[in-house]
1. From the set of residues in segment A:306-319 that are at the interface with chain B (Cβ under 7 Å from one of its Cβ atoms) and among the hydrophobic types (A, V, I, L, M, F, W, C), which is surrounded by the most Cβ atoms within 10 Å (Cβ to Cβ)?
2. Cβ-Cβ distance below 9 Å, separation of 6 or more or different chains: which pairs start in segment A:240-260 with a residue that is within 9 Å of chain B (Cβ to nearest Cβ) and end on one that is crowded, with 24+ Cβ neighbours inside 10 Å and among the basic types (K, R)?
3. Any chance you could count how many residues in segment B:247-292 are in contact with a Gly (Cβ under 9 Å, 6 or more places away or on another chain), crowded, with 24+ Cβ neighbours inside 10 Å and among the acidic types (D, E)?
4. Can you name every residue in segment A:178-198 that is more than 20 Å from A:S212 (Cβ to Cβ) and more than 14 Å from chain B (Cβ to nearest Cβ)?
5. Quick test for you: out of B:R86, B:R72, B:R49, B:R63, pick the one residue that is within 14 Å of chain A (Cβ to nearest Cβ) and closer than 30 Å to B:L223 by Cβ.
6. Among (1) touching a helix residue (DSSP H, G or I) at 6+ places or on another chain (Cβ under 6 Å); (2) within 22 Å of A:F282 (Cα to Cα); (3) surrounded by fewer than 24 Cβ atoms within 10 Å (Cβ to Cβ), which single condition is A:H370 missing?
7. Checking A:G159 against (1) modelled with pLDDT of 90 or more; (2) within 30 Å of A:Q304 (Cα to Cα); (3) surrounded by 15 or more Cβ atoms within 10 Å (Cβ to Cβ), only one condition comes out false. Which one?
8. For segment B:1-109, give me every one of the helices (runs of 4 or more DSSP H) that falls completely inside it and has 2 or more residues that are hydroxyl-bearing (S, T, Y).
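The values are calculated or read from the model by the stated rules, or taken from the named source; none is laboratory data. Just so we're clear, the structure is a prediction, and the values are computed from it rather than from any experiment. Cβ placement follows ideal geometry from the backbone for every residue including glycine, while neighbour counts extend to all protein chains displayed.
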Amino acid sequence: MSTDRVVAPSGFRSRNLGDPRRHVDVVLAAAVGAVLVLGLLLVYSATRRFEQGTGYVVRQLLFAVVGIAAATGVALVDYRRVADWWQALYAVGIVMLVGVLTPLGTVVNGTSGWYRFGPIALQPAEFAKLATILAIAAYLGSVDQVDLRRLAGALGLLGVPVVLTLLQPDLGSALVFIVLGMGMLVVAGVQMRHLGVLVSLGIVAILVILNSGALDDYQTERLTSFVSPDGQSYNVDQAQKAIGSGGLTGFGFTNGPQTRGGFVPEQQTDFIFTVAGEEFGFVGSSLLVALLAVVIWRCWRAAQLAADQTGTLLCIGVTCMFLFHIFENIGMTLGIMPVTGIPLPFVSYGGSSLLASFVAVGLVQSVHMHRFS
Amino acid sequence: MNTSSTQVRLSAIGIVAVCLFAALLVRLWFLQGVDPQRFEAATESNRLRVIHEEGPRGRILDRDGRVIVDNRTMIVVALDKEPLRRLEDEERTAVFTDLADTLTGLGVPTKVSTVERRYEDVRYAPQEYVPVAEEVPEDVELYLAERAERFPGVVVERRTVRSYPYGSLAAQFVGYVGEVNETELASVEGAAVPLAADGTPKEYQPGDSFGKGGIEFAEEASLRAVPGRRTIEVNARGELLGEVDRVDARPGDDVWLSLDLDLQAHAERLLAAKIRSLRGREGGEGTLNAPQGSVVILEPGTGQVLAMASYPSYNPAILVNGISTDLWEQLNDPNNGRPLYNWALQGAYAPGSTFKPVTALAGWRAGIIGPGNEEYDDAGTYRLGNCEGAGCTFQNAGRKRLGTVDLARSLAVSSDTYYYRLAELLWINRLQFGDNPIQDVATEFGMGRPTGIDLPGETSGRIPTPEQRREAFESNPEVFMTGEWFTGDTVITSIGQGDVLVTPLQLAELYATIATGGVRYRPQVISKVTRPIDQAEPPGAAGNYEVVRTVTPEEVGRIEMDDDFYLRVLAGLIGVTQDEDGTASRSWSASPTAWTMGGKTGTAQVAGKADSALFAGWGPVAAGVDPEYAISVVIPEAGFGGDVAAPLAFRILAPASDGTLPTACTIAAAGQCRDADASAAQASLRDVGSGGPG
């Protein structure tokens, strides 16, 4: 019996050093799993007072199972195979974003950002984010130097979904596109002067948008209420009360008075972090922040270790997307960021976000696993 | 594959990420670690509502424990402003519209504009529930409770309010309850807060109820419940999640009155009927308007009030939900006879001849009249000595010649000249008898100042003296013609005219004191205060209450009257009813009481108006029998006392004297009442102020 031909009994681990299945980022998987479990608990606590009660957490769990399956599938496929299809995938993402603006889409809270299939609602922006990351990664990953032409091309790829999400209007998602795009451009090696011009143009654009009336009143209000905290909205006020009253150790699971009384609007989705703050206190909520930091760290590390520029850009795109989601979502509940409706990855109730987040982690795992092949 | 430049750029992203997470954690620590208490208070005001519960007021009972003023539960639909404030304007308007439509559909007509006005009414504190519909039926309560989701911020409350089983009976006497005003609130603050028997303070909050008159006011401290407090947890929609803390309210103490409800009802009924029959008739001195009237019945040996009727009356039930300006004006309109007034102690009238026993005692004490020196020839007119002109002659009613009268007969047939002479002799010999011999006796009997009855609002009446007149003139020479007191002033004072004013209560007290032979008691209406044991059982049932306080009769004076005088006065006052030519003998024969009564009629002249009719007396009068009832009847602008007031007094006391007093009728049982007249009278009394709840 030859020692280097022993097959592991499980059949999963291969002795072949190049086998991607040997290079799963277990820390990333574990951190995501822990965040998911915490998230399910928080969704349960935030929704138990509703009539459908456990219905929310059951549906969230179902999406998680589908998400884990999807992530596993995506991870096992070499991201380079996926990147080869970037034009098609990007096109699908854009078509979905266009379609949602037509009567096919459903308007929720003034935003036409959903497809509704019976009890299930899909938010195409969540998937378009992944398609865009993939497209920019593939488009810029194939070259060593990003010249102006490439930069313009990448900006074009980025600009279409930004404009489409602004049309919904979904300011939060548009910002996510801009942030992940900027992150990828920085890492892709865009020249600093180009970047400087770009940022300047961006600032001018923001001022023009704010003053042009293109945004709905409520959006302007949210942004300006952040700038002048006196006019803090009811949501933010209640969110801070919930988090603040949690103190060091919190009121305990399902015992938060603000949560039980339903004083924080949208608590199971955008304001889910307030449940952690109120019921688990600083100890619990900082643990959640820490676990999310681990997720970011592992995604960033995958970018660093990636075998090629496409892999690096793919991972940094996901990193920036998550980072912005996390910072913006938690930051708004803490009152240091304006209120925009973007979910906390793996925590907020919502199938599209959860599914997309898992697929994103799957892509990062794929880059990590295929770095030797 | 990664170039070093890419690594640098990646590091930049990493540093940004670390900074962002650090920012999150620092902010998180700032919120949760530094001073979490400040947020706890804020979330408590979010979710905790402290509901002040006033608790049921004590009830008011008659001498037999029958409930005159009771409590009932009223269902109120109210707004909890806190959750409503959180709604968008359109959502809130939608809730209000839905609420108004729903209430109207369920038979409680409600306007959206009313609901909105109440919601915006700044007089309600943010934490306070704002009532939008009172007196809603129970099915509305159920309907709204089952649809709490649809009506965020709408609460249904049960409030305890007053109910009046006997309608308007004894209305001015028991008073009414209304929302406490700032002055009243200030009067019960701090050290002045009423205490329960065990020393628990009965604290007030704006919006609480407060006794506004009569017994409700006088016994506010006893009747008020020890308030309770409920701390409840509500969710963002104002729905009840649970009770955090509860201190139950303790019902107020019950107040027992000396009142005999049957006698009260009977007196009110006859008084109302009499006044209605008088109105519009022509009397000697003008139209009989009889704008008001009162009857007071005291127990002579204790001073307890057995009945106190004041006309016109009103049903205090109309004031339960607050009072509109319209209704308030109606109830205080002199053209309506001021139904809110208790004329028995707030009205002051010239007593006329009913005052004569006072003058007689003054003359007797001075020695002007006495045994063997009491006869006088009444020629019908009297001319003052040393006096020339028309103003020097005074006359009997109708200039009637009465011939030789002694003291007893002067009362029985009501000779005026007999008293004119006494008065003149008293005044011209004032160096010997003092300025005020008559006034001093009147004061001894309690006139000219409040009797001290345990009811609010009592007026003093007036016993005029030379000194008073001088002072009044000196302080205000423009208003008064003169500061001087003339012989004629004493002369008209002697027959209860001129400036003399007494309240019907003082008049009843005068005759109660005569009835007891000179022992004067403070009139009182409250006999005891009890704490109920079982609220559900009748409060008057034996063994169902603990006595907190008993009010005992209080002697406030003894009037010296020697036997010779007293026997003559008795003979005279009995003669009023029993002698053939006694001033009340005709009406006596028409409706006598079962036992003999003594008393005196009075017909007081009032400038420009018809005469006031008065009668005051007592019964039974017999050797060795205690007097049971002293009565005064006063009806202004009504004609002769002997024709109007005396027969009313007899008819009121007749069934009491032979034990045939009809049982007072509750409103609920009015249909089955023996005396059909009773319910008719009740109904017409309720008409006063029929503007409806305010």
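1. That would be A:I316.
2. Within 9 Å, the pairs are A:Q258/A:K241.
3. 2
4. Looking only at segment A:178-198, we keep the residues that are more than 20 Å from A:S212 (Cβ to Cβ), and these are A:179-198.
Listed by number, the residues that qualify are A:R193, A:G196, A:V197, A:L198.
5. On the way: B:R86 fails: closer than 30 Å to B:L223 by Cβ; B:R72 fails: within 14 Å of chain A (Cβ to nearest Cβ); B:R63 fails: within 14 Å of chain A (Cβ to nearest Cβ).
None of the other options fit; the residue is B:R49.
6. For A:H370, the exception is condition (2).
7. Status for A:G159: all satisfied but (3).
8. On the way: elements: B:4-29, B:37-47, B:81-85, B:89-105.
So the answer is B:4-29, B:37-47, B:89-105.
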